[in-house]
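So the structure is just underneath, and the comments pick up after that.
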Amino acid sequence: MNRKEPLIRLAKRDDLGTMNAWIIRIVSIFAALILFAGLIVSVGYNPVSVYVAMIGGALGSPLNIQQTIKIMIPLLGASLAIAPAFKMKFWNIGVEGQITVGGICATYFALTFQNSWPSGVLLPVMCLAAAIGGGLWGMLPAVFRAKWGTNETLFTLMLNYIAIGVVKYLQGGPWEKVPKGTQMIERFAQTARMPNVWGVTAGGFIVLALVIFMYCYLRFTKQGYQIAVVGESEATARYAGINVGRVIVRTMFVSGAIAGLVGFIVVSGINYTLSDSVAGGVGFTGITVAWLAQLNPIGMVFISMLLAVLTKGASTINTLTHNALPESMSDMLTGLILFCMLASEFFIRYRMIFRTRQKEAAK
Amino acid sequence: MEKETAIRLEGITKRFGDVVANRSVSLEVYRGEILSLLGENGSGKTTLMNMISGIYFPDQGHIFVGEKEVLIRSPKDAIDLGIGMIHQHFKLVDVLTAAENIVLGLREKGKFDKKAVAARVQAISEKYGFSIDPQKKVYDMSVSEKQTVEIIKVLYRGADILILDEPTAVLTPQETEKLFAVLRAMRDDGKAIIIITHKLQEVLELSDRVSVLRKGEYIGTVSTAEATAQSLTDMMVGQATVLNIERPEPVNPQKRLSVAGLTVVDGNGVRKLSNVSFDVYGGEILGIAGISGCGQKELLESIAGLQNVQTGSIIYHTDEGSEELVGKSAMAIREKGIRLSFVPEDRLGMGLVANMDMAGNMMLRSFKRGRFGLSDRKSPEVLAEQVKDDLEVVTPSIQTPVRRMSGGNVQKVLVGREIAAEPKILMTAYAVRGLDINTSYTIYHLLNQQKEKGVAVIYVGEDLDVLLELCDRILVLCGGQVSGILNGRSATREQVGLMMTKVGGAS
């Protein structure tokens, strides 16, 4: 026989079951850690001690834990904002901008009323303004998509830069603190700051409440059901009498409003001011979190914690190794983990069949 | 004359996960014959042919072309061996001409010589009796012309083993006759032809031998001359089945729906329905016949409130009064209490949500129920269990996503849900397409039950024999117009076929 059977063939797997699928995913995280260990060795460090130091840096002391959680809060919030939109297969990559707009709205009330209103009034108003502002910003591309079928990916992405541009204008112009020239907005007065609980902003509780809200919203409500149907098939949704355009617009309002809330938490609970890096990339990293958690809000808690630990741990290592291992290595590790987890989806769906015929023939 | 083997399969097995699509199938085709591969849906016919044409690779077994064992690893290998497959869904580029499609992907030296290609296409056409204009663009072609291009495409590549996957599913009776003439000409030229089908009439008319598959297993091969519709059915189904469809007389028919002057123009300005008028009565089955794409979809969707209607009216009658449906959305129609059920053509893409389980799919009709914005998740589960038991849906549990069920069970879920809504009007589009014989009969039986309950049933179908056996009246559509309405008990195939191609039918 002159032709050979293909070396490897792929075949669809039978259903693995949720448990086994998650075991494969967790194994893939370890695979990423092992791959990354190779990189650490190549620059002359002991991977085990580096990993131990990373975990120590992220979780070793109450202060470290507080800082890790500070990283985790906006990240988790952003991924929760993404969840309903992505469930609907509406690719909202504008969470970054929606967070920023939420921050702008909250900051407007903080700067205007921080000396005249008590905290008990000001904070709820800031919170509401941020949610509405972020929601409307998110609705904008949804309206265009529902009415004229525009591409939401580009639209939401471009809106990010507009929102950030607006902040740049504000911090160099009308809202710049005196003396002028710093390109910075003044820090909020105490009345506009959210209180801390156990050294971490009370905004953490808002995000935890959002986790439960989003879990129930997607799972048990009529609106959550409509989102799922629209995401699976718009034709089915129309057939079932669902007003597809309205669901898209409403869902994007919810998505944007949650992002707006995150903006409020960041300006009022973490930074105590507004800057053009208010979102700091969580709108994009949040996509990774949401995706890795398979859009499950409970899963997002764990994934965002994992990424926060990596980020915080990497900055510790950077100090310990005197810059031999740069801080950006957490990004590399995150990238490797993402890569491995995505690869694991392939192994969850398919199995490989190796060439067997040659052996049969030899027998 | 000694028969010469064209292709021979030995012990071919193919698994997809747990499912064995083909279990140790052996088959032999000779040059100069037409072999029908007969089997119900899901019996593994297409999988088997896909292995010959290089799309799948068998898990076990051997394939011989002529006397030599071969390994077919890709469609290219298959073409090199002279095997050509004409798929059920055409694989043509719409904006290219027939000739361009035919040479597409060929690696011939030199530049694209339109004249030479056209001449060769012409030669092939004349040899077997095709008629085709090589310079015609595919988007201007009818379904039958597209099929012709597909066939010439494989002949141009030198195929002498041709596989056709349900070639007549989309053709009118007249076009089918033409195709059969061409296939006979190719057979007489010494080519081996395999046709996949489950229409018994065609098998008996066309083929020399019939091989039957059942549930992935090879049952046997008989010579067509010795076979009858009943004997083939028994081989296919595995037991003697009654082939007659019951048709009870309509009892006390009452006007339920009147459509008048209905005109629909789509987004591109194409007129899909023009001035369609007819009435539907409770207690009858109204069949709708027509070539695919001549307005059936738009008609049903207009009634269901899913289609923008330019002019015309659709009036729903009850004892209490009448209601205009034009201008109402699907939700508005439902909220008015109009009991309209619709089994659409695209089951998983429109009637159901493929990734949801049975309960989730039952909710499509009832998700608006429930308090505090929460949807009622309990009653859909009860309904899902009920549908599962009543219609004998085969599924591991009601939590299994419907996409993992077989086609017949998917349709049972959809029909079960629509009937459970206790409709006054039940519309079905291609309700038995792709279903095996037993499930088809289950569906006919369910429709008859609804009819006896006084429901007005609209049955859009493609199999004329079924339409003629099942329906009380048959409305024939042609290019968006009503070509005529016939009495189902007295109409003939030829009558309906003519009316499908020409308004009014008279030539």
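Here are a few things to note about the model shown:
- Looking only at segment B:361-408, and only at residues there that are in contact with a strand residue (DSSP E or B) (Cβ under 7 Å, 6 or more places away or on another chain) and of a type outside the set (A, V, I, L, M, F, W, C), the one that is surrounded by the most Cβ atoms within 10 Å (Cβ to Cβ): B:Ser375
- B:Val276 being at pLDDT below 90 and more than 21 Å from B:Gly351 (Cα to Cα): no
- Subset of segment B:398-417 (residues that are at pLDDT 80 or above and of a type in the set (S, T, N, Q)): B:Gln399, B:Thr400, B:Asn409, B:Gln411
Residues checked against (1) within 30 Å of A:Lys89 (Cβ to Cβ); (2) out of contact with any Pro (no Cβ under 8 Å at 6 or more places or on another chain); (3) surrounded by fewer than 13 Cβ atoms within 10 Å (Cβ to Cβ):
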residue: A:Leu136; (1), (2), (3): yes, yes, no
residue: A:Ala146; (1), (2), (3): yes, yes, no
residue: A:Glu152; (1), (2), (3): yes, no, no
residue: A:Gln190; (1), (2), (3): no, yes, yes
residue: A:Asn196; (1), (2), (3): no, yes, no
residue: A:Val207; (1), (2), (3): yes, yes, no
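- Listed conditions (1) modelled with pLDDT under 85; (2) crowded, with 16+ Cβ neighbours inside 10 Å are all met by B:Lys91, apart from (2).
- Test result for B:Glu392, out of contact with any Gly (no Cβ under 7 Å at 6 or more places or on another chain), acidic (Asp, Glu) and modelled with pLDDT under 85: yes
- Those strands (runs of 3 or more DSSP E) of segment B:426-507 in which at least 1 residues are without any contact (Cβ under 8 Å) to a residue 60 or more places away in the chain and not basic (Lys, Arg), considering only elements entirely within it, cover B:481-487.
- Qualifying residue in segment B:331-338 (condition: within 8 Å of chain A (Cβ to nearest Cβ), touching a residue at least 40 places away in the same chain (Cβ under 8 Å) and not hydroxyl-bearing (Ser, Thr, Tyr)): no
- Elements of type strands (runs of 3 or more DSSP E) in segment B:1-82, at least 3 residues being within 15 Å of B:Ile193 (Cα to Cα) and at pLDDT 85 or above: B:5-16, B:19-30, B:33-38
- Scan of segment A:280-306 for residues that are part of a loop (DSSP other than H, G, I, E, B), under 27 Å from A:Gly224 (Cα atoms) and small (Gly, Ala, Ser), ordered by number: A:Ala293
- Qualifying residue in segment A:316-333 (condition: at pLDDT 85 or above, under 21 Å from the mean Cα position of the chain (by Cα) and surrounded by 17 or more Cβ atoms within 10 Å (Cβ to Cβ)): no
- For B:Lys146, the conditions (1) within 20 Å of the chain's Cα centre (by Cα); (2) modelled with pLDDT under 85; (3) surrounded by 16 or more Cβ atoms within 10 Å (Cβ to Cβ); (4) closer than 23 Å to B:Met49 by Cβ are fulfilled apart from (2).
- Some residue of segment B:333-343 being part of a helix (DSSP H, G or I) and of a type in the set (Val, Ile, Thr): yes
- Sub-7 Å Cβ pairs linking a first residue in segment A:283-301 that is among the hydroxyl-bearing types (Ser, Thr, Tyr) to a second residue that is part of a helix (DSSP H, G or I) and modelled with pLDDT of 90 or more, at least 6 apart or interchain, are A:Thr285/A:Leu75, ordered by first then second residue.
- Contact map, segment A:97-125: residues that are at negative phi and surrounded by fewer than 18 Cβ atoms within 10 Å (Cβ to Cβ) paired with residues that are among the polar types (S, T, N, Q) and in a helix (DSSP H, G or I), Cβ distance under 8 Å, separation 6+ or inter-chain. Pairs shown: A:Asn115/A:Thr191; A:Trp117/A:Thr191; A:Pro118/A:Thr191; A:Ser119/A:Gln190; A:Ser119/A:Thr191.
- Residue match in segment B:486-500 (condition: buried (at least 21 other Cβ atoms within 10 Å of the Cβ) and modelled with pLDDT of 90 or more): yes
- Lone unmet requirement of (1) touching a Gly at 6+ places or on another chain (Cβ under 8 Å); (2) over 26 Å from B:Met186 (Cα atoms) for B:Phe16: (1)
- Any pair with Cβ under 6 angstrom, 6 or more apart, that starts in segment B:98-117 at a residue that is under 24 Å from B:Ile86 (Cβ atoms) and ends at one that is among the small types (Gly, Ala, Ser) and part of a helix (DSSP H, G or I): B:Ala99/B:Ala118; B:Val117/B:Ala99
- When B:Lys328, B:Lys368 are checked against the criterion of being part of a loop (DSSP other than H, G, I, E, B), more than 7 Å from every other protein chain (Cβ to nearest Cβ) and closer than 30 Å to B:Val259 by Cα, a single residue qualifies: B:Lys328.
- Candidates A:Val244, A:Val254: the one that is at pLDDT 95 or above and either closer than 24 Å to A:Asn296 by Cα or polar (S, T, N, Q) (or both) is A:Val254.
- Some residue of segment B:344-360 being closer than 29 Å to B:Asn409 by Cβ, touching a strand residue (DSSP E or B) at 6+ places or on another chain (Cβ under 9 Å) and more than 9 Å from chain A (Cβ to nearest Cβ): yes
- Selection status of A:Ile162, buried (at least 21 other Cβ atoms within 10 Å of the Cβ), touching a residue at least 40 places away in the same chain (Cβ under 8 Å) and either of a type in the set (D, E, K, R) or more than 14 Å from chain B (Cβ to nearest Cβ) (or both): no
- For segment B:294-325, the candidate set comprises residues that are assigned to a loop (DSSP other than H, G, I, E, B) and of a type in the set (A, V, I, L, M, F, W, C); within that set, the residue that is farthest from the other protein chains (Cβ to nearest Cβ) is B:Cys294.
- Against the test of being touching a residue at least 24 places away in the same chain (Cβ under 8 Å) and assigned to a helix (DSSP H, G or I), the options B:Leu171, B:Leu183 yield a single qualifying residue, B:Leu183.
- Test set (1) of a type in the set (Gly, Ala, Ser); (2) under 30 Å from B:Met500 (Cβ atoms); (3) at pLDDT 85 or above; (4) crowded, with 18+ Cβ neighbours inside 10 Å - B:Ala227 fails condition number: (3)
- Residues that are in a helix (DSSP H, G or I) and either within 8 Å of A:Gly313 (Cα to Cα) or among the polar types (S, T, N, Q) (or both) within segment A:41-58 comprise A:Ser42, A:Ser49, A:Ala53, A:Met54, A:Ile55, A:Gly56, A:Gly57, A:Ala58, listed in sequence order.
The values are calculated or read from the model by the stated rules, or taken from the named source; none is laboratory data. Being a predicted model, the structure only gives us computed values, none of them experimental. We place every Cβ from the backbone using ideal geometry, glycine too, and count neighbours over all the protein chains shown.
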